[in-house]
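The values are calculated or read from the model by the stated rules, or taken from the named source; none is laboratory data. Predicted model only: the values in this text are computed from it and were never measured. Here Cβ is always computed from backbone atoms with ideal geometry, including for glycine, and neighbour counts include all displayed protein chains. Each accessible area value is taken on the protein alone, full model and side chains, heavy atoms only, with ligands, DNA and RNA left out. Shrake-Rupley method; radii C 1.70, N 1.55, O 1.52, S 1.80 Å.
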Amino acid sequence: MIEIETPNILGIEFWSGCNLRCTYCPVSDPGHKADEMGADMLDRLYDYVYAHPPQILFLQCGGELTSLKDWVGKTQRFMDLQMPHPTMQLGITSNLQKRLAPEEVAAIARFNYFLVSIDAADEDLQRAIRPPAELRNAVMNIAKIRTHCLAAGTEPPIFRMNCVVSDRNARQLDRVFAFAAALGFKEVYLLDVDETVPHGADGPRGLRHMDDETFLAVLQHIQAGVPKLAANGITFTPAKNFWHTLMLRANGQAADHRFGPGETKVCLEPWTYAGFLANGTVAYCCGGIQDSGIDPAWPIDRQVNCETVRAVRDGLLAGGAAVPERCRTCAFAEKGHVRTLAGQVADLPHIRPDSDRQARSMTFPWTIMPDSAIPSYPDLRTERFRELVPASLFTMPRSGTWYLFYFFEFLDALVSGRPWIKTIHGFEDYPSLGFFKLHMHGIYPGFESAGHPDFVEKWRGMNRDDPAIDASRGTIQQYQDVFCPHLNERARVIYVYRNPLDQIVSAFHHKARHRVELGIDRDRYQTAQVAYLNEYARTEGIDLFLAQFMTFDHMRQRAGEHLLMIRYEDLMADPATMFRRMLAFLGADMDSPERQAAIARALEITSRDQMREFERMRGRSLAGDRGEAGQSHIQSGASGRWQDVVSADTIAAIRARMAEFGLDLDSFLAIPQAE
Ligand code: SF4
């Protein structure tokens, strides 16, 4: 049994009343009674949060806070807890229907996350689904909040649109996505209608029960809309149950509620969430695990570790027949192995220490920030970021992406003394090193506008049918003035590339073993691997390589001191020299003995053996992308392995294709020796 010191996300429902009567919400039930949380409970929650700050404090987890009388006065002291706990984030969900007074706008501007409930871009439809909502109220309030932040010079909250999908709005999701972009939302979060709430015969139908045509419309809108959202810098984050249900129905599958030995739901919610409702109930997940029989006089610590939730934690960790009934049918979590869940639980911050964890923490003293707690991009145009060097670090698939990520992540943790690390790369903020970085697979930032038009045209005609070639496109488009050297003098670009033959071979195997289908026929991979690899290398692999590499090579001269190109082979042969070169290129001051020691320690932690141990400890590969349990993301990294499998004909074809771009294959193949 594992207890927690505090949930990662703690929600407080100050009151359960609401100013709307949404067609799918239990609050619309005529028998619904609005409760307000008692002063004594609020006092105890305040003391608890003061002593045990969660990562995110949600000041409302149900009801509509802004419709509570004097809500600003009642929540003020909780917001002020950010002073003693500056890393604690504040979140709120609101329908933004009330005409906000200036002091309310100022209060909302202090939140880090602002979740706005909007189901439609059409005023009549929004009003019909969520009567008597008026879209103009939400639009005006968002404008007021942004205006306040601009005038005060503060960062606005990260706005997320929460959209409940049903047969009512399914055919207008494209408009909802466009509306989110028009209003400057950073995230769009789709939820399925909660069908456990009785809606009556005329109630809205969710993904499972809407008719086929309507369901098809949802699929089509998502397929067409997600790339557009990305192009506008908006993250698409469907609720887990939404995605799960969507995929099952799209693939004509039924959910499997049977659990064999060792199988469980890989769900961290009972360890990471507690929502204190106004009526005294405590909720422990989105899937409906809650306890309404809790004695409000119990200490909060006992409430977050009450018997109900402990039984769920134990059942999930035991797996098989012990998986709790509610979890079996819950679409919020995927089936997996208990080992995977146990590894993830052990990595959580705020788990009450036990001997196992203490032993491990001696060698690995950082807690791991769960992926779900990683905030989206902050606004990179604020004063704080203007003082740092904007770096972008690009790699080819299978060319040291994770090695680079973890080196810088551990180095910054060592230098800054922060007690946690994250395990997903994308945007990293390293003020102690003097830079922030975008870290992805991608082409040279701004290539399409700064490259020679003839060459860009030729490049556009190449096979680029692999999302990994240019995964950073949306972010770069959003922040061209930050990351593109031709628009920002301070921008720095690092590109790590590998010899094309090893890169193609490694990427081919990686795609075949990836947990997601990536265009490799797995039957053929099993039966005729070498022939298949050679065909792939000639027809696809080399063009995918060139489609990325050539953008950097083409810009090399113009970029001058803004671009540092590093060979993967050199990095693997002499990481100390290469990482120091990168740090110097980014202007990081690493001269002091302490910082030199931090570099040495980061190199040690990211050695192949220690990273394998790290994978074993977490129960997943570094990238979390391997198809089979126990597979590692860390391969030997050795150069020249292509020689065992790539035929002379394939080499000749690749050589000829590269020559069309003025490249000499042999210049990539020299194997360096460590300095
Ligand atoms: S009911 Fe669902 S969300 Fe809740 S603990 Fe079980 S699997 Fe997780």
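Can you pull out the GluC sites (Glu not before Pro) in the range 35-123 that DSSP calls coil and that have at most 16 other Cβ atoms within 10 Å? Before the final figure, lay out the partial values.
On the way: sites: Glu36, Glu64, Glu103, Glu104, Glu123; in loops: Glu64.
In loop regions of the range 35-123 (DSSP not H, G, I, E or B), there are no sparsely surrounded GluC sites (Glu not before Pro).
Need one number: nm distance between label points at Thr329 and Gln610, each 7 Å from Cα along Cα→Cβ, rounded to one decimal.
4.9
I need the fraction of alpha carbon pairs in the range 221-342 separated by more than 16 Å, rounded to a whole percent. Don't jump to the answer; show the numbers that get you there.
Details: 4907 of 7381 pairs.
Across the range 221-342, Cα pairs with separations above 16 Å total 66 percent.
Rounded to the nearest 500, what is the 222 nm mean residue ellipticity of the chain from helices alone, with -39500 (n - 2.57) per DSSP H run of 4+ residues and division by all residues? Write out the running numbers ahead of the final one.
Working: 30 runs with 285 residues, N = 675.
Rounded to the nearest 500, the figure is -12000 deg cm²/dmol.
Taking the Cα centre as origin and putting +1 on Lys and Arg beta-carbons and -1 on Asp and Glu beta-carbons, what dipole magnitude results for the chain, to the nearest 20 debye? Can you show the working numbers first?
Working: 72 positive and 86 negative charges, 31 e Å.
Rounded to the nearest 20 debye, it is 140 debye.
Hey, how many Å between the Cα centroid of the range 1-76 and the Cα centroid of the range 233-298?
19
Taking only C-alpha pairs under 8 Å that are 6+ residues apart, what is the relative contact order of the chain in percent?
Values: 1088 pairs, mean separation 76.3, N = 675.
In percent, rounded to a whole number, it is 11.
Using Cα pairs closer than 8 Å and at least 6 residues apart in sequence, work out the relative contact order for the range 383-669, in percent. Don't skip to the answer; put the middle values down first.
Values: 376 pairs, mean separation 68.5, N = 287.
The value is 24 percent.
Given a 1.4 Å probe and every protein chain left where it sits, what share in percent of the accessible area of the chain is carbon and sulfur?
Numbers: 15310 of 29340 Å².
Answer for the chain is 52 percent, counting heavy atoms of protein chains only.
Can you tell me, using C-alpha contacts under 8 Å and at least 6 residues apart, the relative contact order of the range 363-506 as a whole percent?
34
Hey, with R₀ at 35 Å, roughly what FRET efficiency would Gln223 and Asp29 work out to, going by the Cβ-Cβ distance, to 0.05? Kindly include the intermediate steps, with their values, before the conclusion.
Working: r = 36 Å, r/R0 = 1.02.
Calculated value: 0.45.
For the pair Arg352 and Glu535, what calculated FRET efficiency results from E = 1/(1 + (r/R0)^6), where r is the Cβ-Cβ distance and R0 = 51 Å, to the nearest 0.05? Kindly include the intermediate steps, with their values, before the conclusion.
On the way: r = 55 Å, r/R0 = 1.07.
Efficiency, rounded to the nearest 0.05: 0.40.
Under Stokes-Einstein, with the Kirkwood radius over Cα pairs standing in for Rh, what whole-number D in µm²/s applies to the chain at 10 °C and 1.306 mPa s? Don't skip to the end; give the middle numbers.
Values: Rh = 27.2 Å.
Estimated via Stokes-Einstein, D reaches 58 µm²/s.
Two decimals is fine: what is log10 I(q)/I(0) at q = 0.08, 0.14 Å⁻¹ for the range 383-669, from a Debye sum with one equal scatterer on every Cα and no solvent?
Each listed q corresponds, in turn, to -0.34, -1.08.
In debye, nearest 20, what is the charge dipole magnitude of the range 426-584 about its Cα centre with +1 on Lys and Arg Cβ and -1 on Asp and Glu Cβ, if you could check?
Working: 19 positive and 22 negative charges, 50 e Å.
I would put it at about 240 debye.
Quote the charge dipole size of the range 383-669 about the Cα centre in Debye, to the nearest 20; the model charges only the Cβ of Lys and Arg (+1) and of Asp and Glu (-1).
On the way: 35 positive and 40 negative charges, 103 e Å.
So the magnitude is around 500 debye.
So for the chain, taking the charge dipole from beta-carbon charges (+1 Lys/Arg, -1 Asp/Glu), which of Ala250, Thr281, Ser292 sits furthest toward the positive end?
Checking the options against the dipole of the chain, the answer is Ala250.
With Rg and the Kirkwood Rh both taken from Cα atoms, where does Rg over Rh land for the range 141-286?
Values: Rg = 18.2 Å, Rh = 17.8 Å.
Here the Rg-to-Rh quotient is 1.02.
Measuring from a point 7 Å past the Cα of Val645 along Cα-to-C-beta, which residues in the range 478-513 have an amide N at less than 11 Å?
The answer is 502-513.
If you count only protein heavy atoms with a 1.4 Å probe, what accessible area per residue comes out for the range 2-129, rounded to a whole Å²? Don't jump to the answer; show the numbers that get you there.
Working: 4990 Å² over 128 residues.
That works out to 39 Å² per residue.
For the range 526-606, state the average projected area of the convex hull of the C-alpha atoms over all orientations, rounded to one decimal in nm².
Working: hull surface 32.6 nm².
Taking the Cα atoms of the range 526-606, their convex hull projects to 8.1 nm² on average.
Can you put Cys22, Cys61 in order of accessible area, largest first, using a 1.4 Å probe? Before the final figure, lay out the partial values.
Working: Cys22 10, Cys61 35 Å².
So the residues, ranked largest to smallest area, are Cys61, Cys22.
Using +1 at the Cβ of each Lys and Arg and -1 at the Cβ of each Asp and Glu in the range 383-669, identify which of Phe668, Leu563, Tyr406 lies farthest towards the dipole's positive end.
Result: Tyr406.
Which residue, Gln503, Ala602, Phe447, has the largest displacement toward the positive end of the dipole of the range 383-669 when charges sit on each Cβ (Lys, Arg +1; Asp, Glu -1)?
Selected residue: Ala602.
May I ask you to evaluate 6.51 cos²θ - 1.76 cosθ + 1.60, the Karplus curve with θ = phi - 60°, for each residue of the range 380-389 and list the ³J(HN,Hα) values in order in whole Hz, giving x for glycine and proline?
7, 9, 7, 3, 4, 7, 5, 7, 9, 7
Mind giving me the FRET efficiency for Ala311 and Ala182? R0 is 56 Å, r the Cβ-Cβ distance, nearest 0.05 is fine.
Numbers: r = 47 Å, r/R0 = 0.83.
After rounding, the FRET efficiency stands at 0.75.
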